[in-house]
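A.B. asks: Have a look at this one.
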Amino acid sequence: MTRTLTLILAVFALASAVVAQAPAPGAPAVPAPTAPERPRRENPAISIQDLVRIDGQASSLLRGVGIVTGLQKTGDSAAELVVARPLAKIYENGGLLTDDLSNLAKGKSAALVTLSAEIPETGGRKGDRFDVFVQVSHSASSLKNGTLVISPMLHPLPNHPDPVYGFAAGPIIIEADSPTTGRIRNGLHLIKDIKRRTPITDTFDLIVEPHFRSVTTTRMIASEINGITADLENSDENANQIATPIDDTVVRVTIPEHERGTPSNFIASVLTKRFSPSLMDLPAQVIVNERKGTIIVTGDVEISAVTIGSERLVITTTTPPPTPTPLDPLITTTNWAAVGTTTTGAESARIQDLLEAFKQLNIPVLEQIDLLAEIHRTGRLHARFVRD
């Protein structure tokens, strides 16, 4: 008789209190160690520019439409004149005239595509190159082995007086699971500057990047900036407060009077100020991406006691069990695993223990994401849950 049981996976979160051990009889008492004060600037692993951008600086997008050629019967249909007409224009620009549009797209060797490119917040200069993202816009089934014909890249607004900022061309790399999207490495060539920096006056604002935003972060950044111009002989504590946290996103910086002649030097010293990331006290996070099938977990995520049941996970037993022999050993297969903590018994269970159990049970990543979302909804996952 075969019996199938629904899996019940129990996760135990242990108390976080540390149990003190009594000294051995006759042993001298050992004074409790005191935690050394952590230096504020030990292990300066990151800089302020890793966490912020200057207000007024933001990435910008360029757009375009182009023709991809060289496809092997995976392009647009010959019946689509919206593809044949621009392809005929390309031939005409090259000195080859054609009157029969219906023959241009036969064999499905060409496809109409939309183009996009992101210029980073630092801007771009004439001659710079950036990646171009390509996506099928009609009936083409794949861009594999295709090459983009030289295409203009335009300002994102349709009625801009001088819209062309560069040109895109090159072979397409299929990177995702979908063959209808791809990338051209360094495929965009700028023909004019894209400047994103706004004029700096006496003050400027630093905008904290989304994943780092918190009041703790802005206070820490302001403190580090104020330390740049700290004067130990000055008794006026407010004299050196050049940086002020406005909220969980903005730090306002006032340029000292003696630095206003060359503000770029002062801004560079602020952005390159290095410090230990342990000072940030960032919140615990679980970041999942269902499209890519990834789970990113910070090391300080904890879980409380919770029981998980899944109808897809079963345990099968046979009654009575067969008698094992050397030639026919008894092999037991189970979809159950105990979830404990990989640390000491006095510490809380970490989410890594749960993920390790998922791995032992061979649970698909998408199902792991769903289970984590349900645990978070119950309030037992003590972290910020982010679904990209």
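The values are calculated or read from the model by the stated rules, or taken from the named source; none is laboratory data. These numbers were taken from a predicted model, which means no experiment stands behind them. Positions of Cβ are backbone-derived with ideal geometry, glycine not excepted, and every protein chain shown enters the neighbour counts.
A.B. asks: Please pick out the residue among GLU367, GLU356 that is out of contact with any helix residue (DSSP H, G or I) (no Cβ under 6 Å at 6 or more places or on another chain), modelled with pLDDT of 75 or more and assigned to a helix (DSSP H, G or I).
C.D. replies: GLU367
Every residue, every condition in (1) at pLDDT 90 or above; (2) in a helix (DSSP H, G or I), yes or no:
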{"position": "THR201", "(1), (2)": "no, no"}
{"position": "THR217", "(1), (2)": "no, yes"}
{"position": "ARG252", "(1), (2)": "yes, no"}
{"position": "ILE267", "(1), (2)": "no, yes"}
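A.B. asks: LYS144 passes all but one of (1) modelled with pLDDT under 95; (2) under 30 Å from ILE207 (Cα atoms); (3) surrounded by 15 or more Cβ atoms within 10 Å (Cβ to Cβ); which number fails?
C.D. replies: (2)
A.B. asks: State which residue is surrounded by the most Cβ atoms within 10 Å (Cβ to Cβ) when the search covers only region 44-63 and only residues that are in contact with a helix residue (DSSP H, G or I) (Cβ under 8 Å, 6 or more places away or on another chain) and of a type in the set (Gly, Ala, Ser).
C.D. replies: Only one residue tops the list, namely SER47.
A.B. asks: Looking at region 173-180, is at least one residue in contact with a Gly (Cβ under 8 Å, 6 or more places away or on another chain), crowded, with 17+ Cβ neighbours inside 10 Å, in a strand (DSSP E or B) and in the same structural domain as SER142 (by TED's automatic domain parsing)?
C.D. replies: no
So that you can scan it fast, the table gives a plain yes or no per residue for (1) surrounded by 10 or more Cβ atoms within 10 Å (Cβ to Cβ); (2) at pLDDT below 65; (3) assigned by TED's automatic domain parsing to the domain that holds PRO210; (4) touching an Asp or Glu at 6+ places or on another chain (Cβ under 8 Å):
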| residue | (1), (2), (3), (4) |
| --- | --- |
| MET1 | no, yes, no, no |
| LEU5 | yes, yes, no, no |
| ALA20 | no, yes, no, no |
| VAL65 | yes, no, no, no |
| GLY70 | yes, no, no, no |
| GLU92 | yes, no, no, no |
| LEU96 | no, no, no, no |
| GLY107 | yes, no, no, no |
| THR114 | yes, no, no, no |
